[in-house]
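Here is the structure we will look at.
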């Protein structure tokens, strides 16, 4: 169990670090993100270990990663827009 917990925290920290590198403008405080990732992964790994029991390390780490991504996605800020739009600009019809 201790190795699963350490593995889940390492996976959560790696995901949080990758998120801060890829989306720095859309995430709040970096220390909040780096603390939330491992904590969420540990919670997901613990819940999965309780439900499935021992002996399912790969599944436990996968669930831990998914929970970490899901919780980190809740921290995303909507205010940033991409600078370039995809697709053609469609003119609006004239008002009568």
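From 86, 66, 27, 76, grab the single residue that is over 19 Å from residue 2 (Cβ atoms), surrounded by 15 or more Cβ atoms within 10 Å (Cβ to Cβ) and at pLDDT below 95. Give the steps one after another, and end with the answer.
Details: 86 fails: surrounded by 15 or more Cβ atoms within 10 Å (Cβ to Cβ); 66 fails: at pLDDT below 95; 76 fails: surrounded by 15 or more Cβ atoms within 10 Å (Cβ to Cβ).
Just a single option satisfies the conditions, and that option is 27.
Residues of the range 1-24 being loosely packed, with under 14 Cβ neighbours inside 10 Å, over 12 Å from the mean Cα position of the chain (by Cα) and in a helix (DSSP H, G or I), which ones? Quick ask: steps written out before the conclusion?
Residues of the range 1-24 loosely packed, with under 14 Cβ neighbours inside 10 Å: 1-3, 6, 18, 21-22, 24.
Filter once more, keeping what is over 12 Å from the mean Cα position of the chain (by Cα): 1-3, 6, 21, 24.
Within the range 1-24, 2, 3, 6, 21 qualify.
The values are calculated or read from the model by the stated rules, or taken from the named source; none is laboratory data. Since the structure is predicted, the reported quantities are computational estimates derived from the model, not experimental observations. Don't worry about glycine lacking a Cβ; one is built from the backbone with ideal geometry, like all the others, and counts go over all protein chains shown.
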